[in-house]
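What follows is one structure encoded as structure tokens, with my remarks underneath.
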Amino acid sequence: MEKMKVLNRITEEGLVAVVRAGSVDEAIKIVEALKEGGIDIIEITFTVPKALKVLESLANRYDKYDLLLGAGTVLDQETARLAILAGAEFVVSPSCEEAVVRLCHRYQKVVMPGAMTVKEVLAAMEAGADLIKLFPGDVLGPKGAKAIKGPLPQAPLFPTGGVSLDNIGDWFSAGVIGVGVGGELTREALLKNDYSLAAGKARKFVEEVKKHKKT
């Protein structure tokens with residue numbers, strides 16, 4: 001898929017599901033449940049065992065327009081390249097590694113490095129980030145995002161961590177472009193081995209984002 005189409009889709013929908021799981025089977029079942037619940041932009045983190053196998057399996061099973069796949073917790077350019085070859089259309093890192101940004105530009109894939117401070121956000125923008133993962137979101141909170149948007153109103157912030165059904169409105173009011181949600185979507189489903197719980201949570205998050213996201 002063309003890079004701009006991917007970027008536009010992420011920014012328009014404003015919701016990325018961050019999948020962490022203990023096995024390939026768990027990860028795939030969670031993704032299927034989230035998709036059933038209406039979330040079709042999924043980040044598979046490299047903390048998942050055999051994450052490449054998960055990406056490849058999902059990329060072979062779904063059309064890119066039905067399920068937009070990304071790779072998360074990407075720490076170096078070698079992992080980024082493997083993820084892209086496995087089917088990732090966007091790459092997410094917990095920090096800004098310029099080698100990862102350059103590689104994603106080389107392959108024309110959306111790249112979302114992580115940042116926490118004004119200095120780090122500015123450095124990520126200057127490095128060529130398409131979006132900026134505000135991380136850890138549970139530490140900064142919506143007030144932290146709003147404070148960063150003060151001197152950097154142009155920063156395309158995308159917080160991950162600390163995003164819940166109760167505070168989505170606060171995040172979007174703070175000026176973020178979208179949110180990444182992980183444990184709030186999947187924790188209960190994995191704990192109880194009931195994937196319908198993830199589908200139900202997904203529906204609620206989709207509804208809340210539509211309600212609060214500014215067009």
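All of the numbers you see were taken from the coordinates with simple rules; none came from a lab. Just so it is clear, the model here is predicted, and its values are computed rather than measured. Don't worry about glycine lacking a Cβ; one is built from the backbone with ideal geometry, like all the others, and counts go over all protein chains shown.
The listed residues are PRO94, PRO49, and the only one of them that is surrounded by 18 or more Cβ atoms within 10 Å (Cβ to Cβ) and assigned to a loop (DSSP other than H, G, I, E, B) turns out to be PRO94. One residue stands out in segment 97-118 among those that are in a helix (DSSP H, G or I) and aliphatic (A, V, I, L, M): the one that is nearest to PHE158 (Cα to Cα), namely VAL118. Taking the criterion of being more than 30 Å from PRO151 (Cα to Cα) and free of Cβ contacts under 8 Å to residues at least 60 places away in the same chain, the residues of segment 165-196 that qualify are GLU184, ARG187, GLU188, LEU191, LYS192, ASN193, ASP194.
In segment 133-160, of all residues being buried (at least 21 other Cβ atoms within 10 Å of the Cβ) and among the small types (Gly, Ala, Ser), the one that is nearest to the chain's Cα centre (by Cα) corresponds to GLY137.
Does PHE90 count as in contact with a Cys (Cβ under 9 Å, 6 or more places away or on another chain), of a type outside the set (Val, Ile, Thr) and closer than 16 Å to GLY182 by Cβ? Steps first, please.
Details: in contact with a Cys (Cβ under 9 Å, 6 or more places away or on another chain): yes; of a type outside the set (Val, Ile, Thr): yes; closer than 16 Å to GLY182 by Cβ: yes.
Taking the combined requirement at face value, the residue satisfies it.
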